[in-house]
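To start, the structure itself, in structure tokens.
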Amino acid sequence: MVEIEFNKENEEDFSDPPDFVDDVTDEVLVPDMLYKRPTIEEFEDNIVFIAGIPVVGADRIGRLQSVLKKVLEKMDPAVKLFIPTNSEGGSVGVLLTEWPDYRAAAFAVKSLEGYSFDKNHQFSARFFTDMKKLQAPAEDWQTPTKSEYADVGDLWWWLQNERCRDQFAISHDKLGVPTVGVFTNMKGNDPELAGDPDKAERANWTETVFTWSPHGSYLSTIHKRGIILWGGRDYARAHRFAHENVQYIDFSPCESFLVTYAAPEETNSWGDYEKDSVRVWDVRTGELKKAYSTFELTGRTQLPTWPFFKWSFDEKFFACLKAPEKDKLERERKVDGISIFASEDFELVDQRSVVIENIKQFDWSPTATILAYYSECTDAVPAEFGLLQVPSMQRLRSARVHNVADAQMFWQKSGKRLAFYTMRYKKKEFRETGEVKYVGGCQCHVDIFEIDKKDVSLMNLPLSEPFIHFDWDPEGDKFCVLVGNNAKATPQVYRIEANSHAPKLISKLDAGVHFNEVQFAPKGGWLAVLAKVSAGGNVYFIDTSLAEAKRTNVIEHPLFNKGYWDPTGRYFATCSTLGGRAGADLGYRIFTFQGRELCRKNLDRLAQFKWRPRPPVKLSEQKQKEIKKNLKKTAAKFIKQDDDEKCRASQEVVEKRRKIMAAFDIIRNRNREQLEATREQRIALRKGVDTEAPLDEDDFVDEEITIALSTSKTPAPLTEEEERD
């Protein structure tokens, strides 16, 4: 072995000088490690606070503790009790219990809440962590003063239009100023402002975007300091919700609650996070009902999706994906559950989240408190699609599928059916970049749950081409699947027949280019197939009410990026707005449900177009059937009204022309009088020559001029002498 001696003379010395004082704290040097250190709060999850126990003296504390222990040990023998006492050694009516783990503590809270200890004492159980969140009132707290009721008028005045005309709102630049206006759709004419021009259209009405409430009662605008709701015929300010730097808003389905979100402010301390970035308000009173932290709910510092909460149809529950847990090595696992809250107290239902491993997405039924969910598959566990009844948490039906690469869910508006689209692969490989490559091709399927059938029946529909989009007929038994690719997309209409194990294909319509979305009209029957953000900008209008679906018209709106049915299904609007494809002419066009163009408007920097929603119909089924039965008689009345309106429109045009002609005659007569008054002056200036005097017809000489329109060369006839020569 050869030893090598290093030259230590030139070696750099990294040691600190003798008088050096290290002023860098561990909080600055290793904040991420200190953030992970154990805290007392981690052990408080197992502690349960119980109120309502008997108040006894010091001589009976032992007896009370032994009785309470017998009751609690039935749930878990490892429970520990502590009875707080007063200065005299007697109980104060509360009890602290420590359980082996969080699940045991959660079971205790659920079991002991409302438990009757005897005929005079009833327990109330809460987690100790929840009790710590209670704060004492501020020293300067005062009883809230009674605010005056702001009467903005009839919130549903626009529904009383005799012709049942729809309204819509747009946001665009007018004379270089961002402007929001509310308009009434006039069939066959340009839209008109829905009210006083100074109130229905306002500059800088919102600082970012606007939105309608679900029933159309309010127009909401976003400002730096909060949200304002406008309503009534004059669009007066109905409510204001203070939330600094608010970014997103969302309404509950029945307009009872408003959810707002503002991004948390940056902090310099590791682990600090916002406490109230998501707030839930009462729309009618303006009261803040509850504030949530997105970090506590999701474990993320950024908002994962919006709307953050998804509401049940009756607003009794709202839910979000719970925060992912970590394993022993502090590695974050996938999301494994749903946090469901009750709007009665804004707390978790049963004080715990619903555990669903690898859950990816969920959605509420439009007509029942049923949750549909989709869980991703892993190498060992297949993907799962299921239905969960709330609040019983009973699983109504589930299906498991292996090798699922992508999935989407589609509820029917009536709540009778639910469709799941799945793309299934045969084999997958991971590239060096981390991307996933599917080997052997993929097969697309549509699985349909029939909620109204016994035991929730399930049927499967394999697709022969790649899936693009899907939509249900809202109330009927049909649906449309768009399959293919950008070069060739085909709409296929299916019907679900009674006692059938698979949907029946009733129409395979002509294929189109760049089709990417299908939309049924809100009342069903008519279907629009859209080619958004394409050079052609085609839209198919299809009548599906017949035995075989039939295309009625094809329209073009190049580069449009949004399409909307109006709430009644009578009109369809296509829009080119900011954020779409470059080079598009910004504006909107309105068509009938059959595809006939009614209106075309080009607007500078059009940002939004939104139809005003309508509240649900309150008529009984019998009344609706009666209206449908007499529809032919009613239709004749509507046709007459349309004809009268056309005549009225023609009369208005004639009257307008007459007014213009009358104004022209006034100006012409005034100029004639002025010309006659200055005639003598003009003659004097022209040395007595009256150039304006009428001409005498006797001074004219008639002269005829003949003009040859065409000429040709012809030989002249020869004379007798020329012939003899």
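Net charge near F479: determine it from the other residues with C-beta under 10 Å of the C-beta of F479, scoring Lys and Arg +1 and Asp and Glu -1.
Details: positive: R417, K478, R495; negative: D471, D473, D477.
Once positives and negatives cancel, what remains is 0.
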- Query: Dividing the alpha-carbon Rg of segment 26-133 by 2.2 N^0.38 Å yields what?
  - Reply: 1.29
- Task: Summarise the accessible area of segment 26-133 (1.4 Å probe, protein heavy atoms) by the percent that is carbon and sulfur.
- Result: 54 percent
- Kirkwood Rh, angstrom, segment 520-655 [1 / mean 1/r, Cα pairs]: 17.1 Å
- Query: Rolling a 1.4 angstrom probe over the protein heavy atoms, how many square angstrom per residue are accessible across segment 26-133?
  - Reply: 63 Å²
- Message: If you count only protein heavy atoms with a 1.4 Å probe, what accessible area per residue comes out for segment 280-437, rounded to a whole Å²?
- Response: 52 Å²
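When averaged across all projection directions, what area in nm² does the alpha-carbon convex hull of segment 430-575 cover? All intermediate terms of the calculation are to be shown ahead of the outcome.
Working: hull surface 45.6 nm².
Dividing the Cα hull surface by four gives the mean projection, 11.4 nm².
Tally Lys and Arg at +1 and Asp and Glu at -1 over the other residues with C-beta under 10 Å from the C-beta of I228: what net charge comes out? Working shown, then result.
On the way: positive: R225, R237, R240; negative: none.
Combined, the nearby Lys, Arg, Asp and Glu give +3.
How much accessible area per residue does segment 451-574 have, counting only protein heavy atoms and a probe of 1.4 Å, in square angstrom? Can you show the working numbers first?
Values: 5240 Å² over 124 residues.
I get 42 Å² per residue for this part.
What is segment 388-501 by shape, rounded, prolate or oblate, if you read a ≥ b ≥ c off the alpha carbon gyration tensor as root eigenvalues and call it rounded for a/c under 1.5, prolate for a/b larger than b/c, and oblate otherwise?
Numbers: a/c = 2.35, a/b = 1.40, b/c = 1.68.
Taking the square roots of the gyration eigenvalues as a ≥ b ≥ c, segment 388-501 is oblate.
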- Query: Given a cut-off of under 8 Å on Cα pairs at least six residues apart, what relative contact order in percent is computed for segment 457-529?
  - Reply: 29 percent
- Task: Past 24 Å, Cα to Cα, is the threshold; run K275/K413; K413/K453; K601/K637; K289/K413 against it and keep the listed order.
- Result: K275/K413; K601/K637; K289/K413
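Using only helices, what value at 222 nm comes out for the chain when you add -39,500 (n - 2.57) per DSSP H run of length 4 or more and divide by the total residues, to the nearest 500 deg cm²/dmol? Before the final figure, lay out each step's value.
Details: 12 runs with 119 residues, N = 725.
After summing the helix terms and dividing by residue count, I get -5000 deg cm²/dmol.
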- Relative contact order of segment 26-133 (C-alpha contacts under 8 Å, at least 6 apart) in percent is 36 percent
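Ignoring ligands, DNA and RNA, what percent of the accessible area of segment 616-657 is carbon or sulfur (1.4 Å)?
On the way: 2300 of 4080 Å².
Carbon and sulfur atoms account for 56 percent of the accessible area of segment 616-657.
So what's the net charge close to L527: Lys and Arg +1, Asp and Glu -1, counting the other residues with Cβ under 10 Å from its Cβ? Before the final figure, lay out the partial values.
Details: positive: K478, R551; negative: D471, D473, D543.
That sum, taken over residues with Cβ under 10 Å, equals -1.
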- Query: Roughly speaking, what is the centre-to-centre gap between segment 272-310 and segment 435-462 when only Cα atoms are used, to the nearest Å?
  - Reply: 34 Å
- Could the peptides 687-699, 279-291 be put in order, highest first, of the mean number of other beta-carbon atoms found within 10 Å of their residues? 279-291, 687-699
- Query: Do you know the relative contact order of the chain, to the nearest whole percent, from alpha carbon pairs under 8 angstrom that are 6+ apart?
  - Reply: 6 percent
- Message: Highest mean first, how do 92-99, 68-75 rank when packing is the count of other Cβ atoms within 10 Å averaged over residues?
- Response: 92-99, 68-75
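With a 10 Å radius around each residue's Cβ, average the other Cβ atoms per peptide and rank 354-364, 516-526, 579-589, highest first.
Values: 354-364: 17.7, 516-526: 19.7, 579-589: 15.7.
Taking the mean over residues of other Cβ atoms within 10 Å, the ranking is 516-526, 354-364, 579-589.
Per residue Cα convex hull volume for segment 191-329, in cubic angstrom? Walk me through the numbers on the way to the answer.
Numbers: hull volume 18.4 nm³, N = 139.
Dividing the Cα hull volume of segment 191-329 by its residue count gives 133 Å³.
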- Query: What does the convex hull of the Cα atoms of the chain come to per residue, in Å³, rounded to a whole number?
  - Reply: 612 Å³
- Excluding same-chain residues fewer than 8 positions from K454, which aspartates and glutamates have a Cα within less than 16 Å of its Cα? E497
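The values are calculated or read from the model by the stated rules, or taken from the named source; none is laboratory data. In this text the structure is predicted, and so the values were computed from the model without any measurement. Don't worry about glycine lacking a Cβ; one is built from the backbone with ideal geometry, like all the others, and counts go over all protein chains shown. What goes into the accessible areas is simple: the full protein's heavy atoms, side chains included, and nothing from ligands, DNA or RNA. Shrake-Rupley method; radii C 1.70, N 1.55, O 1.52, S 1.80 Å.
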